[in-house]
Structures are given as C-alpha cells and as structure tokens.
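First up is the structure itself, then whatever we jot down about it.
The values are calculated or read from the model by the stated rules, or taken from the named source; none is laboratory data. Quick caveat: nothing in here was measured; it's all calculated off a predicted structure. Heads up, the Cβs are rebuilt from the backbone with ideal geometry, glycines too, and the neighbour counts pull from every protein chain shown. Just so you know, the surface numbers come from the protein's heavy atoms only, side chains and all, with ligands and any DNA or RNA stripped out. Shrake-Rupley method; radii C 1.70, N 1.55, O 1.52, S 1.80 Å.
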Amino acid sequence: MEWATPFFAATTAAATVFWLLQTLAVRGERERARLAATRAEALERERNAGRFNLEAIISGMQEGLLVADRNHVVRLVNKAFQDMFGIPSNPEGRTVLETVRDAAIEGLVREVLATGQPRSAKLEVMRAGRKPVHLAANALPAGGTGGVVVVLHDITRMREVETMQRDFVANVSHELRTPLSIFQGYLETLVDNPDMPREDVDAILLVLQRHSRRLNALVEDLLTLARLEARKAELDLVPLDVGQLLAGVVRDFSIAARARGVALSFGCSPERCIVPLDPLRFEQVCGNLLDNALKYTLPGGTVTVEAGIHGGGLFEMVVRDTGPGIPAEALPRIFERFYRVDKARGRDEGGTGLGLSIVKHIVALHGGEVSAESALGKGTAIRVRIPVARGA
Ligand code: ADP
C-alpha cells in the first residue's frame, strides 16, 4: 500500500487546492457582492441625504410652499403652508381649491396654469384670520409634467411697520398743526389791528412764545428720536458718578419744583456710585423723568429720585411722585410715541408725548429696560434698570 500514501497525499493536495480555489472564488463573489452592497448603500445614503436636505429645506422654510400639477391637484405643501391655512392633514392628492378654500388663490393658480405666466399679489388669507400675505405663483418648466409652484410670504410685520409709519406721520402733522394754526390766527389779528392796545399785544405775544417753545421742543424731540433710531446710534460710555450727575440735575429742577410747591429730593446708594453710562443721554433720561414727575404732581406733593447698584451688578434708578397716577390699562402704552393718558392735559402742560419714548430708547441702548408702576390717585414710579458689566 505504499502507493496509497502518495495517492492520498495527491488527492488531499488536489482537494485542498480545489477547496482553496473554491473558497477564493466564493470569497471573491462575496467580496464583489459586499462591495456592490456597500456601493448601493452609499448611493442610497447619498440619495437620502439629498432628499433629506431638500425636505429639510422645504419644511424649514418660513414661506408657505405649494406645488400643484397641471390638473390642479396638490403634489406638495410644506409645514408653513399647512400652518398658514390651518390644514391638519396632508392635502396631497386634493385639488388646490379643496385645500386652500380661497377663490382668489385658486384664481391665480388657474391663470398661471392657463397662461404659463408668473403672477403675484398681496392678499389676505381668510382661513388664517385675515393674515396678510404676498403670493408668488410660477409655472413649472414646460419640459416636465407641468404645474405650478406657489410661494406665500407672511407680510404681517411689514403691514404693522407701514401702519406705524402712517400713524407717526399723522401724529406729527397733528402736533404741528395746532401751534401753526395758533400762530396764523394771532398774527392775522395783529396785522388786522395795528392800533391794538399794548397790553393786548403783550398777551398775544406771550401765547405765541409759549407755542413756539412747544414747537421747538417737538422738533428737538423728533430729532432726538431720529438720531436714537438711526442704526449708527452709539453711546459714549464713561465711568459716571451717578450721585454727582443726579445732584446737578435735581439742582436744575429745584427752582421749577419750588415754584410748583412740590418737594424734590434724591438719594444715591452707595453715595459714590460709578456706572458706565453715556453722560449726555443719561442726563436726558433723568431730565425727562423729572420733568414728567413735576409736571403731573400737584402742589403739596413730593418727587423723589433714588439710584443705586444692587447685588448681581444691576444699576437701578426710580423716579417716584405723588401725582394723579396712571390707569392700569394705559400703563403699558405710555412708552409709545405720542401716547398721552389725558390728551388735552399732556399738551396743555407743554408735553410733546415723546419724552418716555426717548427714555425707553436711551435705556435700551444701554442694554437696560424701563418700567412703570402706578396707583390711581396715589402716584407713579418709573424704574430704570441697566446691567453693569462685572469689573466695570
Ligand atoms: P408727555 O410729553 O405728554 O409728558 P411722555 O412720553 O413723557 O409725554 O409721557 C406720556 C404720557 O404718560 C403723558 O402724556 C402722561 O399722560 C403719562 N405720564 C408720564 N409720566 C407720568 C407721571 N409721572 N404721572 C402721570 N402720568 C404720567
């Protein structure tokens, strides 16, 4: 059986080679399959990533987006669109009219599909409580299956700004008209009556002087507001000794307070209170608040100013008076431009209606905020808070 050993060895070797070849072939096959699977996975990932990005972009858009085919059937809407129209479920497959239930929008879509021309319009979406929107509808390229893409842009904020601008111009015109018509009337009286007694002429001149001062104050306040609202409004911050500044401002107002019979006092804690502030602008804040407190407080009343730095690095100043107070419903509005609680009284007192609005702007530029507390018949406190940076 000697032959058996080499035969067995050869057979074993052949089997081993065969097994090896087969294993390699299988491995190659497996490797090819694995590589193919990896490539397919990579492709799928790329495709998904692309789709994800597109979907993320569409769903993240603030504008409402709707795509409809040439048969007016909705093919895609994003979340913003669904929110705008209060559509709870996906409207894909329904018609545009069924989806938006708005004849104006449906009409524009119809026009775009019929003409292939883009259309845009400002409309109010009734289903969203008359939300003003800008709509742009464009035809999809003719090469594809055709259709229309509609983009809706919420223009509520733009409308609010337009209204504010219109109101502002109306308010300014109204404020200017009163003194100007008084000038005109009195000047005509003076021209028509050259022999008017001296004391009558003096009385008229005093009225004209009062109104010209008011006009001047109004123009000054308007210019101040315009400067504060300009983007480049910058502060000239210096380490300010608030106690010293307040002592000066209170001194300036003490004559007016005495003439009005109002007790005026101030305190600062700590006495040497150094805060980084813009001196001229902060002086205007103090001046406007003191001016109001004295203007609205009756003789026998008191006005106090307290300032100080509290724990946590917060500078606070409160101007308190024992005046008539402000009704709760008017309190949030007193910082609006031209808002007056008592229209006639504010104007009679020579107020422009812009003082607190200027205060609010200046305090905001310092990174702080201003608030008001008031009790009718008891008095008002206007509180200014400005954060002080550590180590400042
Ligand atoms: P004005 O020039 O009319 O004083 P402001 O902007 O300074 O304008 O104030 C707005 C309105 O807030 C005033 O017209 C007044 O009605 C009310 N107001 C402001 N400060 C006080 C106060 N200390 N006491 C009572 N009412 C006040």
Task: Members of 122/360; 131/343; 79/122; 122/343 lying beyond 25 Å, as alpha-carbon distances in this model show - done: 122/360; 131/343; 122/343
Task: Inter-probe distance in nm under a simple model that places probes 7 Å from Cα toward Cβ, at residue 369 and residue 127 - done: 3.7 nm
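Under the 0.36 nm per residue contour assumption, what length would be gained going from the current alpha-carbon distance of residue 95 and residue 280 to full extension? Intermediate values should be presented prior to the final figure.
Details: separation 185, 0.36 × 185 = 66.60 nm, distance 6.34 nm.
Between residue 95 and residue 280, full extension yields 60.3 nm more.
Select from the range 195-251 those GluC sites (Glu not before Pro) which occupy a DSSP coil region and have at most 13 other Cβ atoms within 10 Å, ordered by residue number. Write out the running numbers ahead of the final one.
Details: sites: 199, 220, 229, 234; in loops: 234.
Answer by residue number: 234.
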- [ ] Tell me which residues come under 5 Å, amide H to amide H, from residue 155 once H is placed; ignore anything under 5 positions away on its chain.
- [x] 133, 134
Open item on the list: Out of the trypsin sites (Lys or Arg not before Pro) in the range 82-124, which ones are loop residues according to DSSP with at most 14 other C-beta atoms within 10 Å?
Closed with: 101
- [ ] Return the loop-located GluC sites (Glu not before Pro) in the range 265-341 (DSSP other than H, G, I, E, B) with at most 11 other Cβ atoms within 10 Å of their own Cβ; answer none if there are none.
- [x] 271, 329
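Ignoring ligands, DNA and RNA, what percent of the 1.4 Å accessible area of the range 189-297 is carbon and sulfur?
On the way: 3480 of 6520 Å².
Answer for the range 189-297 is 53 percent, counting heavy atoms of protein chains only.
Let me check against my output: what whole-number percent is the relative contact order of the range 223-307, with C-alpha pairs under 8 Å and at least 6 apart? Mind showing how you got there, number by number?
Numbers: 96 pairs, mean separation 34.0, N = 85.
Relative contact order for the range 223-307 comes out at 40 percent.
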- [ ] Over the range 72-191, average the accessible area per residue using a 1.4 Å probe and give it in Å², no decimals.
- [x] 58 Å²
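Calculate the FRET efficiency for residue 165 and residue 41 from the Cβ-Cβ distance with a Förster distance of 56 Å, rounded to the nearest 0.05.
On the way: r = 57 Å, r/R0 = 1.02.
Using R0 = 56 Å, I get an efficiency of 0.45.
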- [ ] Work out from phi, with θ = phi - 60° and the Karplus expression 6.51 cos²θ - 1.76 cosθ + 1.60, the ³J(HN,Hα) of each residue of the range 220-225, listed in order in whole Hz, and give x for Gly and Pro.
- [x] 4, 5, 5, 5, 4, 4
